[in-house]
Structure formats: structure tokens, C-alpha cells
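Encoded as C-alpha cells, the structure appears first; notes follow it.
Bear in mind that the values in this text are calculations on the coordinates, not laboratory data. Please read all numbers here as calculations on a predicted model, not as lab measurements. Cβ placement follows ideal geometry from the backbone for every residue including glycine, while neighbour counts extend to all protein chains displayed.
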Amino acid sequence: GNSVTQMEGPVTLSEEAFLTINCTYTATGYPSLFWYVQYPGEGLQLLLKATKADDKGSNKGFEATYRKETTSFHLEKGSVQVSDSAVYFCALTTHRDMRFGAGTRLTVKP
Amino acid sequence: DAGVTQSPTHLIKTRGQQVTLRCSPKSGHDTVSWYQQALGQGPQFIFQYYEEEERQRGNFPDRFSGHQFPNYSSELNVNALLLGDSALYLCASTPRQLAKNIQYFGAGTRLSVL
């Protein structure tokens, strides 16, 4: 079945450091891929998406490229801020339900 | 334009009781999905409704049931509550015709079973 494997955390970085959170997937068909972010006490907010191979999703300085050959969708940001501290989820959908990774908790220290 | 709204925000129940959670989808969305998010885990798909019928179901027992109303709002019912049912329950909506489109999530209902 469809599944997402996400880099385990927690991840702690200093402000302005480079961020990578790895995500790989297994899916039949052609999934759409997403990164969602969850701040404490809140629901999930879409961060970015990509719907086909080689698409790059980007938002708020975050980027991820849909790599079909490596079945990956790694999240990157060149310079993190304290306000980026949250839990990040990689997800895929091929029909109508979404499959999520376990989440990676990011803490950014000043 | 209101997003996905869920009620209540918090709920405390005891083992064996029954609970009903409610969700109103984003305006223009006709498909509602429910997810269970245990502490420290990613959301797990429970089921999805559109046209007032359950269309897909994840690996959850029959104690979990739902309903969708003509105005597209939805309820999640859980019977015979277990301690392990304690979790954040998330509702998400999407327009049906965009099958692989973004799902918009509500803030969730946190259920504690004592």
C-alpha cells in the first residue's frame, strides 16, 4: 500500500542554519505530494505541494522537489527562523485519502 | 470565507462511553475526511464521506462510524471508548472533483478517555 517514511526527529538548529528534512514514499500510480506544518495546539496547514514528477513546490522560503526516480520529496530551507519551530509532515495522496509520515519536530534556537 | 470548523475543541470521556464529533467543511467543498492523530504521530485516515455515504475507510474498527448531512457537514461517532482512543481528531475537506487536490484541515478535537 501507499506509505510515507520521514526523517525522524527531533531536529534542533540555530537561527539562519540550513534545513533538510528527508521524505521518501511508496505508492502505486502517480501520487501528489505535500508538506504540512503543525504549530502547537493547532491543526495542519499546507506548506507546499507538487503534483507530478520534477515539480518544485515552494512557500515561505521552503522548497521540495518531486523526485520520481528516487521516490523522494525532501523539504529544504536555506535559513531557518525561530518562528519555523513546529512539526512538519510529509504526505501523499493518490485518490482521496492522505497518507502521512510520522512527523519531524523542528526547534530553532536564537 | 470560513475554513474547516470542528466542535468541540476538547472533550473528556470515560471508558465505555460514546462520543460524537462535528465538522463543517470549507465553503464549496463536498468531501469530508476524518483522521486520528495520536500524540507524537502522524494523522491516520479513518474514513471519507461524500454524497452522504462512506466512500473509503482506513484500518479502524466498526466502533468508528460517521455521517454526512445534505449541507456536507459531518459527524464522527465512536462507541465503547477505549483508553487508546485518546487522540486529536482532525477533519479535512476538499472538492470531490479534484481528487488529488489539497485537503484543508480543521484545528481538531482533542479527545481524552479516562
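Could you give the C-alpha radius of gyration of segment B:1-61 expressed as a fraction of 2.2 N^0.38 Å, taking N as the number of residues it contains?
Values: Rg = 13.2 Å, N = 61, 2.2 N^0.38 = 10.5 Å.
Compared with the compact-globule rule of thumb, segment B:1-61 sits at 1.26.
Would you mind giving the three semi-axes, in whole Å and largest first, of the ellipsoid equivalent to chain B according to its Cα gyration tensor?
Details: eigenvalues 104, 38, 34 Å².
They are 23, 14, 13 Å, listed from largest to smallest.
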All Cα pairs of segment A:1-108, percent lying beyond 15 Å = 59
Residues A:THR20 and B:ILE12, FRET efficiency given R0 of 41 Å [Cβ-Cβ distance, rounded to 0.05] = 0.55
Over the protein assembly as shown: Rg over Rh, Cα atoms, Kirkwood Rh = 0.97
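How crowded by other chains is A:41-52, given as the mean number of beta carbons from other chains within 10 Å of each beta carbon?
Working: counts 5, 5, 15, 12, 2, 4, 0, 0, 3, 0, 3, 0.
Mean inter-chain Cβ contacts per residue within 10 Å come to 4.
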Taking Lys and Arg as +1 and Asp and Glu as -1, residues besides A:LYS109 with C-beta under 15 Å from its C-beta add up to -2
Identify, among B:GLY40, B:LEU21, B:SER7, the residue whose Cα sits farthest towards the positive end of the charge dipole of chain B, taking +1 on the Cβ of Lys and Arg and -1 on the Cβ of Asp and Glu, with the dipole about the Cα centre.
-> B:GLY40
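Highest mean first, what order results for B:68-76, A:15-23, B:27-35 on Cβ atoms within 10 Å?
Values: B:68-76: 17.4, A:15-23: 15.6, B:27-35: 21.3.
In descending order of packing, they fall as B:27-35, B:68-76, A:15-23.
Exceeding 28 Å between C-alpha atoms, which entries from my cross-link table qualify? They are A:LYS52/A:LYS77; A:LYS49/B:LYS26; A:LYS56/B:LYS26; A:LYS49/B:LYS13; A:LYS60/A:LYS109; A:LYS52/B:LYS26. Provide the component values of the computation, followed by the final result.
Working: A:LYS52/A:LYS77 21 Å; A:LYS49/B:LYS26 19 Å; A:LYS56/B:LYS26 26 Å; A:LYS49/B:LYS13 37 Å; A:LYS60/A:LYS109 19 Å; A:LYS52/B:LYS26 26 Å.
The answer is A:LYS49/B:LYS13.
Peptide B:38-51: average number of partner chain Cβ atoms within 10 Å per residue? Don't jump to the answer; show the numbers that get you there.
Details: counts 0, 0, 4, 4, 16, 11, 3, 6, 1, 1, 4, 0, 1, 0.
Partner Cβ neighbours, averaged per residue: 4.
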